[in-house]
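Reviewing the structure listed below.
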Amino acid sequence: METIKTIFKIGKGPSSSHTMGPRFAAQRFLERVEGMELSHIDATLYGSLASTGRGHLTDQAILEVLSPRCTANIIWCPEQTLQCHPNGMRFEAFGRDGSKLSDWEVYSVGGGALYWDGMDDSEKNHLYEMKHISDIVEWGYREGRTFWEYVEMTEGPAIWDHLSNVWDTMCAAIHRGLETEGVLPGELKVARKATKYYVKADSYVGNLSSRAKIYAYALATAEENAAGGIVATAPTCGSSAVLPAVLYHLQQSRKFSRERILRALATAGLFANVVRTNASISGAEVGCQGEVGVACAMAAAAANQLFGGTLRQIEYSAEMGLEHHLGLTCDPMCGLVQIPCIERNAIAAARAFDVNFYSMLSDGTHRVSFDRVVKVMKETGHDLPSLYRETAEGGLAKLK
């Protein structure tokens, strides 16, 4: 299992798989053709990347990287899906005499991560020996350790610098989102709501005010992401608002220390990493259950740890967070990460609090394990027709 840095990446929205990943791929391809005299580069997008790429700014992300080097062309092939993943790309570099100098087939597999045939194992950065939560729980009880300690022991103390940067990015996105008003880019003309929800939260008391603020924090990040702002994936851009909303609210309302927030981030990243390793966090591969569903599980685990949950209670929280999103489709209207994505982040953040509380009332005993739900999520995602997996061919994506 790879480093949790693959879960927490920092970059521009609105999509980690359709914006961040293609941008990273274009940068890597330029490294491959460094020193060559080029006439132009063709970037061909396949499957889901081509179907919803315009709404996700895929072409802009690639051209921002390639155009300063030479003429760059985007070719759209939505009807064709490459073998390894629905988010396939092919880069081809041509010399001034028209000859092809280099070509590279690469896949954006979710959360900004890339995969290509013949990928060197060193690129995968394998670190973790255990890749199932059940094994980590058993180890934790045997050794008297926690989830975050397993992360620290595996990654080393440098992981805290990375998570500190991630947390700062998350907070900055919330702050910007709460201060920015207006309409999001794109043909849907969706108005930002975070500021209004935050102001209205003070009109309520107790749990209602708390819930309203959770919504506001989630809307702030989700709207920043939709506008192409800088966010931290958790585990993707499209689901990047759930975990920050929960942790920011707890820091503000319960005064949890920065150190404890970072430990909660580590635990959240570990759960997402297990899903990424054994299933997928790509909406194009398994639907939105792999994005918002996993984000809810991350936030639930993080919250439960902050409230003093046992290893089994933390695992139970994460299990419910993912289980109750099974079958969730990825069908964004007009290919934009706006409807239903923004609302889903807000509701999932609130649900993370609910399953956290439900678990804390229990002794942590439950029949369905987190690992089993991950397996079911993978099976469910592969059973979903492609029109419900980020192709803009079915469901809400057909509405205008």
Ellipsoid equivalent to the stretch 32-83 - semi-axes via the Cα gyration tensor, in Å: 22, 13, 8
In degrees, nearest ten, helix 292-306 long axis to first principal axis of the chain (Cα): 40 degrees
Value of Rg/Rh across the chain [Cα atoms, Kirkwood radius]: 0.98
Whole-percent carbon and sulfur share, accessible surface of the stretch 280-400, 1.4 Å: 55 percent
Anchor K189: lysines whose Cα lies under 16 Å away (excluding residues fewer than 8 positions away in-chain): K400
Whole-number accessible area per residue in Å² for the chain, which is evaluated in the context of all protein chains at 1.4 Å: 41 Å²
DSSP-assigned coil residues among trypsin sites (Lys or Arg not before Pro) in the stretch 145-238, each with at most 16 further Cβ atoms within 10 Å: R145, K189
Expected 222 nm ellipticity per residue - DSSP helices of 4 or more, -39500 (n - 2.57), all of the chain, to 500: -16000 deg cm²/dmol
Accessible surface of the stretch 74-193, 1.4 Å probe, proportion on carbon and sulfur as whole %: 45 percent
Principal-axis tilt of helix 206-226 within the chain, Cα atoms, nearest 10 degrees: 10 degrees
Chymotrypsin sites (Phe, Trp or Tyr not before Pro) restricted to DSSP loop in the stretch 88-119 with at most 12 other C-beta within 10 Å: none
Set of aspartates and glutamates near K100 by C-alpha distance (under 17 Å), chain-local residues within fewer than 8 positions excluded: E31, E34, E37, D42, E92
Between 0 and 90°, nearest 10: helix 341-361 axis offset from the chain longest Cα axis: 30 degrees
By average C-beta atoms within 10 angstrom, highest first, the peptides 294-304, 42-52: 294-304, 42-52
The chain: Cys lacking any partner C-beta under 4.7 angstrom: C70, C77, C84, C171, C237, C296, C334, C341
Using θ = phi - 60° and Karplus 6.51 cos²θ - 1.76 cosθ + 1.60, couplings along the stretch 35-49 (whole Hz; Gly, Pro as x): x, 7, 8, 10, 8, 6, 10, 9, 10, 9, 9, 10, x, 4, 4
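The values are calculated or read from the model by the stated rules, or taken from the named source; none is laboratory data. If you're wondering where the values come from, they're calculated on a predicted model, not measured in any experiment. Cβ sites come from the backbone with ideal geometry, for glycine too, and all protein chains shown count toward neighbours. For the accessible areas, the whole protein counts, side chains as well, though only heavy atoms, and no ligand, DNA or RNA atoms are used. Shrake-Rupley method; radii C 1.70, N 1.55, O 1.52, S 1.80 Å.
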